[in-house]
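A quick write-up on the structure given underneath.
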Amino acid sequence: MSDEATNAGSIHLSGVQVALGWNRPDFAEKLLNSDSATKDEKALGSILMHALAWNLYDFTELLLAHGASIPMVAANMILLYGSGNNVDHLKRYVRYHLGGLHHSEVNLNDKATIDKMIDRLSGSQHNFHSNVSNESDSYFELMVWAALSLSPEIAELMWSNTQEPIKGALFILMILRKLEKSKKVIVTNHEKETIEFMRKRFEQLAIDIMDLLHQNSEKTLREKALKSGWARLDDMSYIDMAYVCQAKDFVAHPACQELQDKRWKRGLTSEVGFFTTVLVFLCPLLVMSHLLLSIEA
């Protein structure tokens with residue numbers, strides 16, 4: 001690249017940063033669509049960090065469309081937890097449920113603190129170093145940050161780029177429900193309304209994906225997808241996650257009900273054999289033990 005082209009790219013980047021400060025995505029889009037616009041993914045990623053911290057959805061969408069480096073942002077996203085606009089409730093969570101610190105002493109730029117918070121809220125083992133190894137993981141981590149920061153539009157944008165959208169949506173529902181139930185954390189009407197909106201929205205997104213799966217997949221494929229485990233959540237299935245976050249409409253979906261019916265009918269069908277079935281109905285104690293085994297399975 002010539003010096004002239006490099007200088008032009010730098011000027012365009014400066015212009016995009018100015019547009020960000022003015023919240024003028026239309027101006028930034030003109031600069032990024034020009035022939036001499038920079039294609040530096042890391043430079044665009046640096047600007048994206050500011051857009052995320054300021055909760056600017058239009059800029060976030062624009063920068064992603066022009067190739068901003070998501071892995072670079074995710075690798076440094078610990079800075080977002082401490083610099084974002086919507087983090088007062090997270091400071092309250094750390095104060096009342098993790099460290100017992102005074103509000104002014106809470107440090108959200110600490111990886112161990114954030115890992116511990118997400119562990120508590122989701123019931124999974126979280127680690128920044130191991131969870132940003134590829135672009136899909138990076139989108140997932142940014143989705144989690146946006147959900148915890150109560151930024152619904154950005155959370156949905158990141159969610160739409162994850163590899164497992166149903167699990168991503170249910171994961172968000174799990175952490176939001178735990179956050180909502182934590183004492184002295186969600187205190188303002190705006191926080192309560194945002195969580196309620198996000199819970200309804202992400203449950204509907206999970207249902208929409210299930211509709212597509214239900215309409216376009218064979219029954220065996222649907223069952224396999226619903227039962228597939230997730231190592232980060234002790235191999236919990238979709239339905240297990242839905243029960244934890246009380247996503248009642250998702251559990252009521254026909255695909256989920258098909259699998260639930262199969263679970264409860266297990267042991268009372270021909271696959272266990274005629275002799276076992278006869279014994280079950282002749283001996284009440286055997287009925288109870290058989291039901292317990294079915295539930296455990």
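The values are calculated or read from the model by the stated rules, or taken from the named source; none is laboratory data. Given the structure is predicted, the values throughout are model-derived calculations rather than measurements. Here the Cβ positions follow ideal geometry from the backbone for every residue, glycine too, while neighbour counts run over all protein chains shown. Quick note on the areas: whole protein, heavy atoms, side chains included, nothing else; ligands and nucleic acids left out. Shrake-Rupley method; radii C 1.70, N 1.55, O 1.52, S 1.80 Å.
With every protein chain left in place and a probe of 1.4 Å, what is the accessible surface of Asp249, to the nearest 10 Å²?
Ignoring ligands and nucleic acids, Asp249 comes out at about 100 Å².
Determine the dipole magnitude for the range 131-201: charges of +1 sit on the beta-carbon of Lys and Arg, -1 on that of Asp and Glu, nothing else is charged, the reference point is the Cα centre, and the result goes in debye to the nearest 20.
Rounded to the nearest 20 debye, it is 520 debye.
Please compare each pair in Lys181/Lys248; Lys184/Lys248; Lys178/Lys248; Lys200/Lys248 to a cut-off of 21 Å on the Cα-Cα distance and tell me which ones are over it.
Lys184/Lys248
Quick one: Karplus J couplings for the range 142-152, per residue in order, coefficients 6.51, -1.76, 1.60, θ = phi - 60°, nearest Hz, x for Gly and Pro?
Calculated HN-Hα couplings, in order: 5, 4, 4, 4, 5, 5, 5, 7, 6, 10, x Hz.
In whole Hz, with x marking every Gly and Pro, tabulate ³J(HN,Hα) for the range 248-256 from phi via Karplus 6.51 cos²θ - 1.76 cosθ + 1.60, θ = phi - 60°.
Residue by residue, the range 248-256 yields 5, 5, 5, 4, 6, 5, x, 5, 5 Hz.
Give the long-range amide H neighbours of Met236: residues separated by 5 or more places, or on another chain, with amide H under 5 Å away, using H modelled in the peptide plane at 1.01 Å from N.
Amide H neighbours of Met236: Trp230.
Once the Cβ-Cβ distance between Asn109 and Asp249 is put in as r, and R0 is 35 Å, what FRET efficiency do you end up with, to the nearest 0.05?
Step by step, r from the Cβ atoms, then E = 0.40.
From the phi angles alone, apply the Karplus equation (6.51, -1.76, 1.60; θ = phi - 60°) to the range 158-166 and give each ³J(HN,Hα) in whole Hz, x where the residue is Gly or Pro.
5, 4, 5, 9, 7, 6, 10, x, 5
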